[in-house]
1. Condition test on V190, is it under 23 Å from K269 (Cα atoms), within 10 Å of the ligand (Cβ to nearest atom) and in contact (Cβ under 8 Å) with a residue 24 or more places away in the chain?
2. Taking the options V373, V299, V355, name whichever one is farther than 21 Å from V100 by Cβ, part of a loop (DSSP other than H, G, I, E, B) and of a type in the set (V, I, T).
3. Select, from E55, E27, the only residue that is more than 16 Å from the ligand (Cβ to nearest atom), buried (at least 18 other Cβ atoms within 10 Å of the Cβ) and either modelled with pLDDT of 95 or more or under 13 Å from T217 (Cα atoms) (or both).
4. Might you let me know whether region 208-227 holds any residue that is in contact with a Lys or Arg (Cβ under 8 Å, 6 or more places away or on another chain), away from the ligand (no atom under 15 Å from the Cβ) and either charged (D, E, K, R) or within 17 Å of K66 (Cβ to Cβ) (or both)?
5. With the requirement that a residue be of a type in the set (S, T, N, Q) and assigned to a helix (DSSP H, G or I), what does region 90-115 give you?
6. I'd like the residue in region 152-170 that is in a helix (DSSP H, G or I) and of a type in the set (A, V, I, L, M, F, W, C) and, out of all such residues, is surrounded by the most Cβ atoms within 10 Å (Cβ to Cβ).
7. Quick check, is T144 modelled with pLDDT of 95 or more, open to solvent by 10 Å² or more (accessible area, probe 1.4 Å), within 30 Å of G272 (Cβ to Cβ) and of a type in the set (V, I, T)?
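The values are calculated or read from the model by the stated rules, or taken from the named source; none is laboratory data. Note that the structure is predicted; figures quoted are calculated from it, not measured. Glycine gets a Cβ as well: all are built from the backbone with ideal geometry, and neighbour counts include every protein chain shown. The accessibility values were calculated without ligands, DNA or RNA, using every heavy atom of the protein model including side chains. Shrake-Rupley method; radii C 1.70, N 1.55, O 1.52, S 1.80 Å.
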Amino acid sequence: MSKLALLGGRPVRRKPFPPYRTLDQRERQAVLRVLKSGVLSKFLGVFHPDFHGGEQVQQFEQEWAKRFQVPYAVTTNSATTGLYAAIGALGIGPGDEVIVSPYTMSASASCVLAYNAIPVFVDVQPDTFCLDPDKLESAITPHTRAVVVVHLFGHPASMEAILRICRRRHLALIEDCAQAVGATYCSQPVGTLGDIGVFSLNYHKIIHAGEGGVIVTRSEELATRLRLIRNHGEAVVEHLPTINIVNTLGWNFRLTEMQAAIGLAQLGKLPGLIEARVKLADYLSGRLKAFEGLHPPKVSPGCSHVFYVYPLRYEEETVGMSRNLFVQAMQAEGIPLSQGYQKPLYLLPLYQQKVVYGAQGCPFTCGLYKGQVDYRKGLCQTAERLYERELIYHALCRPPLRFADMDDILRAVEKVYDHRQELRQLQSSIPAQDGAPLA
Ligand SMILES: *Cc1c(COP(=O)(O)O)cnc(C)c1O
């Protein structure tokens, strides 16, 4: 049995995994064409044809809408601002509550605070890591206006059950699809099942434009309101007399022509990129399930997963060593595993201290807010358990990696499992450390 790398032995893998690079001559040519045109952006924040942006922005929006089978796609400069616009477009404001998963990137909930509304956190399912529909209903109050679901790691949330509750209780549904571009639920692309879907084009998402976001909706009115929020709506609404002006104070959330041109090229690559991810993930899952105490990601019936991240559930008791020690041992073998993912959001200082706008507790202390929100530790026990003890992940199921790279992961797991006895004795002497975070 070869010596563990953690104890000075030879690692299973010495060369780093190659980075995710999806740009080629298509993006280069697209950018050059834009540069040659001399038009890097064409948005005007007034009532004018250029209110909708330039040629590339509009073409990208049309292509996106076509690919996702929706009438409207609205680009933004990030998914964060896309989520802000989504909350704003729904007319949510002071006094309102919005239900959100706590186990996600911070913007899934900060969009609610951005409009002075209150995020209410509802726990996730232990196997899909997405909002648990069984816990949704009891969190609804007379103040609840909407739900934000997150298709975490690229796996769709339980949309049928969540949609049923939202419809019955007259709640809007926003889908945060930042990690799940191209994932489907009952053959329908995520983002198109609720009222508004938001995708990210930041540099570490499945397709990217450096930064960027795309919002989709089937509602013409919402599309108009999203565009107003994106681009100085206050200067435009007087020309749109039928629009409800609530929350149409606008920002500058505009995407540039170069980003849109890159986005167009990237969109064409999406099916191939997803296919490569799924192949690698299926290969890995088929072999990892042989290791007791290590649970490969579930793909729910009727769902397709796009594996932005490849998550594993780790059972400390079964494996017989701490998650931290396992991750450290794997990292030493040359496999960059990470643990925990994001701390459940309500445990962040902003929620614990309820300090958002100014020092007076706004929006929690707002006179219009009649609810009682709870951010105590223990609120979402599944999310806390995943964060503290169970979740391990990597972002290695992606091109240009191949099955041979997956084999390195598997050989490292096998080696660490073979040394379980030895590692148990080390248990307490290894400090906690995490890999590169994903946001
Ligand atoms: C990345 C991400 C965002 C934010 O995307 P940006 O484009 O970086 O603003 C929002 N939600 C989730 C779940 C994300 O992973």
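1. Taking the combined requirement at face value, the residue does not satisfy it.
2. V299
3. E27
4. First pass over region 208-227, keeping only residues in contact with a Lys or Arg (Cβ under 8 Å, 6 or more places away or on another chain): none.
No, the conditions are met nowhere in region 208-227.
5. Result: S108, S110.
6. The selected residue is L152.
7. Numbers: modelled with pLDDT of 95 or more: yes; open to solvent by 10 Å² or more (accessible area, probe 1.4 Å): yes; within 30 Å of G272 (Cβ to Cβ): no; of a type in the set (V, I, T): yes.
Spelling it out, it is not the case that T144 is modelled with pLDDT of 95 or more, open to solvent by 10 Å² or more (accessible area, probe 1.4 Å), within 30 Å of G272 (Cβ to Cβ) and of a type in the set (V, I, T).
Matching residues to (1) within 15 Å of the ligand (Cβ to nearest atom); (2) more than 21 Å from D123 (Cβ to Cβ); (3) touching a strand residue (DSSP E or B) at 6+ places or on another chain (Cβ under 7 Å); (4) at pLDDT below 95:
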{"position": "V70", "(1), (2), (3), (4)": "no, yes, yes, no"}
{"position": "V74", "(1), (2), (3), (4)": "yes, yes, yes, no"}
{"position": "A85", "(1), (2), (3), (4)": "yes, yes, yes, no"}
{"position": "G88", "(1), (2), (3), (4)": "no, yes, no, no"}
{"position": "G91", "(1), (2), (3), (4)": "no, yes, no, no"}
{"position": "E97", "(1), (2), (3), (4)": "no, no, yes, no"}
{"position": "T104", "(1), (2), (3), (4)": "yes, no, yes, no"}
{"position": "S108", "(1), (2), (3), (4)": "yes, no, yes, no"}
